[in-house]
Amino acid sequence: MARKSLELRLSQTQSLMEAYDASGLENDRSYRFMSDMAYRMNLGKGMSTGQRRYLDNLIDQGVPKPKNESRVKEILAAAGVDGMQNVKTTLHDFAFKVGKGWSLSEKQEKFLANLLVKAETLKIDGRFRPSDEMVEDLENANAVCATKNSWYWNHRPGISKAHDKVKQWLDWNRRNNVSEDLKDRGIDEEVIKVGCFVGEEPLIDQWACDKLLSAVKNQINELRNPKHAIGDMRWSRNPRGTKKLALISGIPQVTRGEVVYPCLIEGGIIEVSTKNLLKRRG
């Protein structure tokens, strides 16, 4: 038999590793061995006679057939559903254990069952994405949170987790919108990829959106239902306590974490925080 070249053996090893990945066998001892050998080959290092023989035997055998094959396939299919990316590793770990014939604990079985139900729901309903109206609220909520310090987040772990999820998705959504706009204008996609890296869409869920919006509900409510209408006369209070007559000249928005209104004061437009706008001077 002709001796394999390093390039051929490396190519075969990488292909087999991909097949192991697809079968949820990333934790298999043979997979770890192949990974080590692929690393050596990529560095141009040789292998011992025994290592080459063992690796070639693995390549010849292909992916081992799992026990409980139908259940393993069900778990791996759930891992591939769009919206299950954050638990893909967990499902692959379950598939590996089931494929080895190992028993799962009662707690693990219950957790796995819940994940499979979630995957079936996602296959029917699709992954959650906020509506355009909710995106606008989330952008404002994110702007309100922009000035929050570490003390605030450390004392609100649930809100912090929700904010991280929402912020990552909003960042992606802005880049994606720019990319789609450039495509509509006929810009070459390769040029867009260089100038506007979109990346994979992060997962976002209803819980995270509702949690964050609830944390800043007063600000969001005011943005939707302004306390001060355009044309209203108000008194603007500055940090020294001095009050000046102000004409509300626009709708509220978020600036530096606060809801502010553009106001005409002594001939100039100034943004005034809602907390410093008074209906009466006294």
Check your understanding: Pick from G250, G231: which is exposed (fewer than 12 other Cβ atoms within 10 Å of the Cβ) and either at pLDDT 95 or above or on the phi < 0 side of the Ramachandran plot (or both)?
Key -> G231
Check your understanding: Can you tell which of R237, R281, R256 is among the basic types (K, R), modelled with pLDDT under 95 and at positive phi?
Key -> R256
Point to revise | Scan of the range 135-169 for residues that are free of Cβ contacts under 8 Å to residues at least 12 places away in the same chain and small (G, A, S), ordered by number | key: S150, S160
Point to revise | Number of positions in the range 233-253 that are in contact (Cβ under 8 Å) with a residue 24 or more places away in the chain and of a type in the set (S, T, Y) | key: 1
Review point. Which condition breaks for A95 when tested against (1) of a type in the set (A, V, I, L, M); (2) more than 30 Å from R40 (Cβ to Cβ); (3) crowded, with 18+ Cβ neighbours inside 10 Å; (4) at pLDDT below 95?
Key: (2)
Check your understanding: Does the range 137-154 contain any residue that is of a type outside the set (A, V, I, L, M), farther than 22 Å from E258 by Cβ and within 20 Å of the chain's Cα centre (by Cα)?
Key -> no
Check your understanding: How many residues does the range 130-152 hold that are surrounded by 14 or more Cβ atoms within 10 Å (Cβ to Cβ) and at pLDDT below 95?
Key -> 1
**Study point:** Conditions (1) in a loop (DSSP other than H, G, I, E, B); (2) under 27 Å from L122 (Cα atoms); (3) not hydrophobic (A, V, I, L, M, F, W, C): number failed by S70
**Key:** (1)
**Study point:** Hits in the range 253-282 - residues which are surrounded by 12 or more Cβ atoms within 10 Å (Cβ to Cβ) and within 32 Å of the chain's Cα centre (by Cα)
**Key:** Q253, V254, T255, G257, E258, V259, V260
Practice item. With respect to R234, determine if the residue is farther than 26 Å from S131 by Cα and outside the structural domain of A146 (by TED's automatic domain parsing). Key: yes
Review point. Of all the residues that make up the range 201-228, how many are over 20 Å from R174 (Cα atoms), surrounded by fewer than 17 Cβ atoms within 10 Å (Cβ to Cβ) and of a type in the set (S, T, N, Q)?
Key: 4
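The values are calculated or read from the model by the stated rules, or taken from the named source; none is laboratory data. If you're wondering where the values come from, they're calculated on a predicted model, not measured in any experiment. For neighbour counting, all protein chains shown are included, and Cβ atoms are generated from backbone atoms with ideal geometry for every residue, glycine included.
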